[in-house]
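Engineer: Have a look at this one before I ask anything.
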Amino acid sequence: MDAIKRYFPDIEKHIIWKRETSLTMVDGAQVNIDQTQKKRPDVRVPRFENLFLVGDSVAAEGGGGDIGNESVLLTYEAITGNKLR
């Protein structure tokens, strides 16, 4: 983002942040119905400092594509210590 700000110093005034979660069609499958949130891996990789997972296979809330979206929020919090919501 710093490189972009050098070329466009006022870019943040023109950004509208929006998280789109509604889909017009279901585009996914839940192959393993036994792999609930508590059974999926955390976003932090054990024994590897500063290695994080993001995607629809980690222990984030939701089902299908929602898990991938939520995993981004969890990983951001794990990296920065700050919540986005």
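Nothing in this text is a laboratory measurement; each read-out follows from the coordinates by a stated rule. Predicted model only: the values in this text are computed from it and were never measured. Positions of Cβ are backbone-derived with ideal geometry, glycine not excepted, and every protein chain shown enters the neighbour counts.
Engineer: Sorting GLU77, GLU12 on the 10 Å Cβ count, fewest up front, what's the list?
Structural biologist: The order, fewest Cβ neighbours first, is GLU12, GLU77.
Engineer: If you don't mind, there's one more thing I want to ask. Could you work out the relative contact order of the stretch 40-85? I mean the mean sequence separation of Cα pairs under 8 Å and 6+ apart, divided by the number of residues, in percent.
Structural biologist: RCO, the stretch 40-85: 30 percent.
Engineer: Treating only the Cβ of Lys, Arg, Asp and Glu as charged (+1, +1, -1, -1), what charge dipole size does the stretch 36-85 show about its Cα centre? Round to the nearest 20 debye.
Structural biologist: 160 debye
Engineer: Please give me the summed charge of the neighbours of LEU74: other residues whose Cβ is under 12 Å from its Cβ, Lys and Arg +1, Asp and Glu -1.
Structural biologist: That works out to 0.
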